1. Tell me whether region 108-115 contains one or more residues that are on the phi > 0 side of the Ramachandran plot and either part of a loop (DSSP other than H, G, I, E, B) or touching a residue at least 60 places away in the same chain (Cβ under 8 Å) (or both).
2. Return the residue satisfying two criteria in turn: it lies in region 16-54 and is surrounded by fewer than 13 Cβ atoms within 10 Å (Cβ to Cβ) and small (Gly, Ala, Ser), and of such residues it is farthest from PHE197 (Cα to Cα).
3. Identify all residues within region 85-107 that are hydroxyl-bearing (Ser, Thr, Tyr) and either within 13 Å of ALA75 (Cβ to Cβ) or assigned to a helix (DSSP H, G or I) (or both); write none if there are none.
4. State yes or no: is CYS173 in contact with a Gly (Cβ under 7 Å, 6 or more places away or on another chain) and either assigned to a helix (DSSP H, G or I) or within 18 Å of MET33 (Cβ to Cβ) (or both)?
5. Has region 62-76 got at least one residue that is closer than 16 Å to ALA121 by Cβ, out of contact with any Lys or Arg (no Cβ under 9 Å at 6 or more places or on another chain), at pLDDT 95 or above and in a helix (DSSP H, G or I)?
6. Restricting attention to region 72-86, does a residue exist that is within 27 Å of LYS207 (Cβ to Cβ) and in contact (Cβ under 8 Å) with a residue 40 or more places away in the chain?
7. For PHE163, state whether it is under 27 Å from SER223 (Cα atoms), surrounded by 15 or more Cβ atoms within 10 Å (Cβ to Cβ) and either out of contact with any Ser or Thr (no Cβ under 7 Å at 6 or more places or on another chain) or at pLDDT below 95 (or both).
8. I'm trying to understand the selection: among the residues of region 129-156, which are crowded, with 22+ Cβ neighbours inside 10 Å and aromatic (Phe, Trp, Tyr)?
Amino acid sequence: MEILVDMHCHSVASGHAYSTIQEMAREASKKGMEMIAITDHGVGMEGAPHIWHFGNIKTVPEEIDGVKILKGVEANIMDMNGSIDMPEEYLEKLDWVIASFHDVCVSPGTVEQHTHAWIKAIENPYVDAIGHSGNPVFCYDFDKVLKAVKAHNKLVEINNHSFTARVGSEVNCKIIARKCKELGVKIVVNSDAHISFDVGKFDKVYKLLKEIDFPEELIINTSAQKLLNHLELRKRSRGL
């Protein structure tokens, strides 16, 4: 199994990342990757880009150094009703939207509150995937949320960066991946790179998926075409 697409990459515009889009694309090209998504943080996080960044991201070429570039956002969940920090008129122009919890944007609550917030975010027609949900700070009812992901044809991210950045995530990610396998929920494997050298870095997730014999057909980003086909179906389901 080889994953040729990285759908969670932060450029210097995120405020705490260290590479330009060109540098990200150049590194992806060196590693033989087919496509990356630029997913700078939504405007609710301190240091994040201004909303105009997302309005003007259409100026970024569709391909750099032979690597397809999708324009996206890692939107922040801002409350326990699953509200995200990006206006709909901007979301509808982006190729890809991840929704994630960050404790600098919303204080952790109860398992029930996190579960409700995840489900409401999943119900947002513009959200394509839920990000690094293995974070133990925001524990939730795995079965309820993953069933909602499947019902709405969304994706669960298994985030390589979380294994070191969010202590305890590895255990939860293994549980989540096993339940995705059991329920037939599709996943997207991402680096969450904050510097170009980490683009396409999936070593920890590769190991986890091998350990549980995770089926390749449920991994949506093994090729650019597979990912794009999924997004096209999602777009049609929204009537766009």
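1. no
2. GLY47
3. Matches in region 85-107: TYR90, SER100.
4. When the stated conditions are applied, CYS173 passes them.
5. no
6. yes
7. Yes; evaluated as a whole, the condition is true for this residue.
8. PHE138, TYR140
The values are calculated or read from the model by the stated rules, or taken from the named source; none is laboratory data. Model, not experiment: these values are computed from the prediction. A quick note on method: Cβ atoms are made from the backbone with ideal geometry, for glycine too, and the neighbour counts reach across all protein chains shown.
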